[in-house]
1. Mind checking which residues of segment 1-29 are acidic (Asp, Glu) and exposed (fewer than 11 other Cβ atoms within 10 Å of the Cβ)?
2. Can you tell me how many residues in segment 30-45 are surrounded by fewer than 10 Cβ atoms within 10 Å (Cβ to Cβ) and either among the charged types (D, E, K, R) or not in a helix (DSSP H, G or I) (or both)?
3. Would you mention how many residues in segment 1-35 are among the hydroxyl-bearing types (Ser, Thr, Tyr), modelled with pLDDT of 90 or more and under 30 Å from Gly55 (Cα atoms)?
4. Could you grab me the full set of residues in segment 32-58 that are small (Gly, Ala, Ser) and within 17 Å of the chain's Cα centre (by Cα)?
5. Just a yes or no: is a residue in segment 2-24 within 26 Å of Lys61 (Cβ to Cβ) and not in a loop (DSSP other than H, G, I, E, B)?
6. Pairs, please: C-beta under 9 Å, at least 6 apart or cross-chain, first residue charged (D, E, K, R) and in segment 1-22, second surrounded by 10 or more Cβ atoms within 10 Å (Cβ to Cβ) and not in a helix (DSSP H, G or I)?
Amino acid sequence: GDDLGLKLAGVEALSSLRIEKGYCAWGHEIGPDDTPLQAGLEFAVKFNKPESFIGKEALLK
């Protein structure tokens, strides 16, 4: 990675960047009991798809 200018980064630096971006950590801030909407991941759910998906009705409630 030297030829590309890559540098080493520790887990604390990555965690800091994650927090700055507003990303949640699996198992810490979010888990299997959270919906995509509760976890701030609504950008990953396409509600206007022509076909439905499993759990769509539950998310819309």
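The values are calculated or read from the model by the stated rules, or taken from the named source; none is laboratory data. Owing to the predicted nature of the structure, the values given are computational and were not obtained by experimental measurement. Reconstructed Cβ throughout: ideal geometry from the backbone, glycine too, with neighbour counts over all protein chains shown.
1. Going through segment 1-29, the residues acidic (Asp, Glu) turn out to be 2-3, 12, 20, 29.
Answer for segment 1-29, where residues must be acidic (Asp, Glu) and exposed (fewer than 11 other Cβ atoms within 10 Å of the Cβ): Asp2, Asp3, Glu12, Glu20.
2. Of all residues in segment 30-45, those surrounded by fewer than 10 Cβ atoms within 10 Å (Cβ to Cβ) come to 32-33, 43-44.
After this cut, where a residue has to be either among the charged types (D, E, K, R) or not in a helix (DSSP H, G or I) (or both) as well, the list is 32-33.
Of the residues in segment 30-45, 2 are surrounded by fewer than 10 Cβ atoms within 10 Å (Cβ to Cβ) and either among the charged types (D, E, K, R) or not in a helix (DSSP H, G or I) (or both).
3. At the first step, the residues of segment 1-35 found to be among the hydroxyl-bearing types (Ser, Thr, Tyr) are 15-16, 23, 35.
Add one more test, that the residue is modelled with pLDDT of 90 or more, and what stays is 15-16, 35.
Now restrict to residues that are under 30 Å from Gly55 (Cα atoms): 35.
Within segment 1-35, residues that are among the hydroxyl-bearing types (Ser, Thr, Tyr), modelled with pLDDT of 90 or more and under 30 Å from Gly55 (Cα atoms) number 1.
4. We begin by selecting, within segment 32-58, every residue small (Gly, Ala, Ser); these are 39-40, 44, 52, 55, 58.
Hits for segment 32-58 are Ala39, Gly40, Ala44.
5. The answer is no; no qualifying residue exists.
6. Arg18/Cys24; Arg18/Ala25
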